[in-house]
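The values are calculated or read from the model by the stated rules, or taken from the named source; none is laboratory data. Every value quoted in this text rests on a predicted model; they were computed, and no experiment measured them. Here the Cβ positions follow ideal geometry from the backbone for every residue, glycine too, while neighbour counts run over all protein chains shown.
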Amino acid sequence: MVELGRKMGSSFHEGTVVSLRGSLGAGKTVFARGVARSLGIEEAIVSPTFTLVQEYDGRLPLYHMDLYRIETVEDFEMIGGEDMLYSNGVCLIEWSEVIDELLPKDTIYISIAVNPDQSRTVDIEAPSIEVTTIEASNIETPCAVEPDTKTGDKQ
């Protein structure tokens, strides 16, 4: 998932919004680590489950949100989320379903499904590309992967 995030992130530009969908442990934050690396961000990328938003500085600002604990659009607006959606950076949103009505029309939707053998199937939907399904059979669960010795990323 890190490599997929890195490859996709290298084409992200100012104002890119990505909706990351999948069950707990599917690899959403691991994908975010790859995007961060593509933006030149070397610090540790952690899930913002309890902070709701993590901001990072790279070639573009990265706003990584986890809306699992947000219940309404109003809750999202109260944390300043809408400002980040329409910012000069890249916005990655885990559990974005609660704010679907606010997402820009060019939002990239990435759905990660965990298969019975623990591999991943990734569906990508974006206005600028055709719908794509990737069978990620060599991607292990994030907790079972050896970290990269240079960056600490799980491959």
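None of L39, L24 is surrounded by fewer than 23 Cβ atoms within 10 Å (Cβ to Cβ) and touching a Lys or Arg at 6+ places or on another chain (Cβ under 6 Å) except L39. The one condition from (1) more than 16 Å from the chain's Cα centre (by Cα); (2) within 17 Å of K105 (Cα to Cα); (3) not hydrophobic (A, V, I, L, M, F, W, C) that G81 does not meet is (1).
Within the range 59-97, the set of residues being farther than 11 Å from S19 by Cα, surrounded by 17 or more Cβ atoms within 10 Å (Cβ to Cβ) and free of Cβ contacts under 8 Å to residues at least 40 places away in the same chain comprises P61, L62, Y63, I70, F76, G81, M84.
Annotation note: of V46, V17, the sole residue that is surrounded by fewer than 17 Cβ atoms within 10 Å (Cβ to Cβ) and of a type in the set (V, I, T) is V46. The condition of being at pLDDT below 95, β-branched (V, I, T), exposed (fewer than 14 other Cβ atoms within 10 Å of the Cβ) and not in a strand (DSSP E or B) holds for only one of T51, T29, that being T51. Among the conditions (1) free of Cβ contacts under 8 Å to residues at least 40 places away in the same chain; (2) surrounded by 17 or more Cβ atoms within 10 Å (Cβ to Cβ), S11 misses just one, which is (2). The residues on offer are L20, L102, and the sole one that is without any contact (Cβ under 8 Å) to a residue 60 or more places away in the chain, of a type in the set (A, V, I, L, M, F, W, C) and in contact with a Phe, Trp or Tyr (Cβ under 9 Å, 6 or more places away or on another chain) is L102. For G34, the conditions (1) surrounded by 14 or more Cβ atoms within 10 Å (Cβ to Cβ); (2) at pLDDT below 95; (3) of a type in the set (G, A, S) are fulfilled apart from (2).
Identify, from the list I99, I70, I41, the residue that is in a loop (DSSP other than H, G, I, E, B) and in contact with a helix residue (DSSP H, G or I) (Cβ under 6 Å, 6 or more places away or on another chain).
I70
The set of residues from the range 73-96 being assigned to a helix (DSSP H, G or I) and either of a type in the set (D, E, K, R) or under 25 Å from T121 (Cα atoms) (or both) comprises E74, D75, E77, E82, D83, S96.
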